[in-house]
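Everything below concerns the one structure shown next.
The values are calculated or read from the model by the stated rules, or taken from the named source; none is laboratory data. All of these numbers come straight from a predicted model, not from anything done at the bench. Reconstructed Cβ throughout: ideal geometry from the backbone, glycine too, with neighbour counts over all protein chains shown. Protein only, heavy atoms only, side chains kept; ligands, DNA and RNA dropped before computing areas. Shrake-Rupley method; radii C 1.70, N 1.55, O 1.52, S 1.80 Å.
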Amino acid sequence: MSAIGLKLSMPQKKRKSRHVLPGFRLSLGFTLFYLASLVLVPLLALVIRPMELGPFGFWSVISTPRVLASLRLSFGVALAAAVVDSVFGLIIAWVLVRYRFPGKGLLDAVIDLPFALPTAVAGIALSALYAPNGWIGSLLIGYGIRIAYTPWGVLVAMVFISLPFTVRTVQPVMSELGLEVEEASATLGATRLQTIARVVMPMLAPAVLTGMAMAFARAAGEYGSIIFIAGNIPAVSEIAPLLIITKLEQYDYAGAAAIGVVMLAASFVMLLALNGLQSWAAKRR
Amino acid sequence: MTKRFSKPTEDPLWLKLLLGAVAISFIGVLLLLPLALVFTEALAKGLVTFWYAMIEPDSLAAVRLSLIAAGIAVPLNTVFGVAAAWCIAKFDFTGKTFLVTLIDLPFSVSPVVAGLIYVLVFGMQGWFGPWLADHDIHILFALPGIVLATIFVTFPFVARELIPLMVDQGRDEEEAAATLGATGLQTFLRVTLPNIKWGLLYGVLLCNARALGEFGAVSVVSGHIRGVTNTMPLHVQLLYDNYDYAGAFAVAALLAMLALVTLALKTLLEWRYADELAASHRH
């Protein structure tokens, strides 16, 4: 994404009259047609649908305690998961970039597992693992800690699903850092901690924030890996996407669309924030 | 003060061990343990049970449906990705950055919302629902709806792989070919395609993995008719909800194998053909 943004924002030679290469109209026409018919028009249906409720009707759907609780759970826990993933993502990226050890390539490849593993598979595996009789759940139950079928289960699933985003956005920036600035900082008398805090971290900050935003967006919309472990207790561990499905099953299309619009609006805000972050990062480079 | 002869950029050994242990145990517990559990549970009742769960007719029907849906969605998104990358990388026009943002949009939409939008368009209370019902055309709770939902969630995969790659490669080679008299198709097949083939394969690989594994979006439009509109991931859910854990984990193990093969091929491409992939995947 950053690569695209960078390239496109660069001034390019204007070719005023005719294109040398063929296929411009055909490829752009097909692209726009495909995009409009499969993505934009259906999304328009989502935005238009809640309008039949009117502003007050829309608000009364959104402001019921059950809907508010599900939105708070989806977005609140997604934020917590994004923070957890950013901290561990930073550590994992540091270990992968700076240290040499056997099996490093394998560890690096495994990071992408949550991208590749179908969410339903992750869901039943996490649920079985953290259930009171599962491998991890049975260890924790002795201390009175329950993960599965509580909001903590939602957190575990979201941390699982979003980890690659934080590692994969920080890792390339970290490996391009170069040791010169750190050496310069040490030569000028900074302690290692000062170098990390005042030289390395500020340079990584845009990438960390970008990764955090992507992790948050993915976690907030996630469904498959969560519903098995969450227990789905209304107003306690019921996520917003599940409530959309519940409303659809009750043929409450407008109500489902209202929650869908709130989630879509949130992802738009995240997309804008990400673009802003990337242009900020590009300027600093 | 202790003596410090080590390089200032090198972490002390205790810190290396500490951070290494944190990273490895986090990945081990969070990522590898669930994977190990899938295979352990799948084989818990022996290979024979595993095999019978696999060849059970509803499981086979789910595998078939998943393959058909991916078989339609992935080629369509591949053609779209090539077309989008061609016009974005090889030509200048206003609104290009906006177009790239729109292509990325499906990635930031919740899978459930992705399914919901097609229900609002084709459902009984949707825009075309009554008309479709009058003409006996089934889109929701049938293959077309599953394909549409799959296309939406895998929409940007090929495009976002090819766009940065083709922008990087520029347009000199194609312009040279065109100047020398090659037709558009010849230019694409003999000049562009050899340059982008590994990037294209990389995008198709990820697109295919997501298409076969998609759950949320397909769950909304499928109708969950056992043996008819259940894809592999939906079949996993059905078996799990019916307390058929051996069956659920058997199908899940098949999907996990697929994920591992995808990861292995992806890593291989990143190592072997790093120069021919988009810059973000180079190691």
Practice problem: Say whether the condition of being open to solvent by less than 10 Å² (accessible area, probe 1.4 Å), assigned to a helix (DSSP H, G or I), away from chain B (no Cβ under 11 Å) and not hydrophobic (A, V, I, L, M, F, W, C) is met by at least one residue in the range A:178-201. | Solution: no
Quiz prompt | Single unsatisfied condition, residue B:36 versus (1) within 10 Å of another protein chain (Cβ to nearest Cβ); (2) under 29 Å from residue A:192 (Cβ atoms); (3) aliphatic (A, V, I, L, M) | solution = (2)
Exercise. Name every residue in the range B:141-174 that is part of a loop (DSSP other than H, G, I, E, B), open to solvent by 10 Å² or more (accessible area, probe 1.4 Å) and within 11 Å of chain A (Cβ to nearest Cβ), in order of residue number.
Key: B:170, B:171
Quiz item: Is it the case that the range B:7-14 has a residue that's free of Cβ contacts under 8 Å to residues at least 24 places away in the same chain, within 10 Å of chain A (Cβ to nearest Cβ), among the basic types (Lys, Arg) and surrounded by fewer than 19 Cβ atoms within 10 Å (Cβ to Cβ)?
Solution: yes
Quiz item: Taking residue B:19, is it at pLDDT below 90 and either in a loop (DSSP other than H, G, I, E, B) or facing chain A (nearest Cβ under 7 Å) (or both)?
Solution: no
Quiz item: If you go through the range A:51-65, how many residues are out of contact with any helix residue (DSSP H, G or I) (no Cβ under 7 Å at 6 or more places or on another chain), of a type outside the set (Val, Ile, Thr) and under 11 Å from residue A:255 (Cβ atoms)?
Solution: 2
Practice problem: Out of the residues in the range B:244-268 that are at pLDDT below 90 and more than 9 Å from chain A (Cβ to nearest Cβ), state the one that is least open to solvent (accessible area, probe 1.4 Å). | Solution: B:247
Self-check item: Those residues of the range B:209-238 which are open to solvent by 10 Å² or more (accessible area, probe 1.4 Å), touching a His at 6+ places or on another chain (Cβ under 9 Å) and at pLDDT 90 or above, in sequence order
Solution: B:237, B:238
Quiz item: In the list A:120, A:148, A:157, which residue meets the criterion of being touching a residue at least 60 places away in the same chain (Cβ under 8 Å), within 26 Å of the chain's Cα centre (by Cα) and not in a helix (DSSP H, G or I)?
Solution: A:148
Self-check item: Every residue from the range A:222-238 that is more than 9 Å from every other protein chain (Cβ to nearest Cβ), of a type in the set (Val, Ile, Thr) and under 20 Å from the mean Cα position of the chain (by Cα)
Solution: A:226, A:229
Quiz item: Right, residue A:27: modelled with pLDDT of 90 or more, surrounded by fewer than 13 Cβ atoms within 10 Å (Cβ to Cβ) and part of a helix (DSSP H, G or I) or not?
Solution: no
Exercise. Mind listing just one residue for me: the one in the range B:51-106 that is in contact with a Leu (Cβ under 6 Å, 6 or more places away or on another chain) and touching a residue at least 40 places away in the same chain (Cβ under 8 Å) and, of those, farthest from the other protein chains (Cβ to nearest Cβ)?
Key: B:70
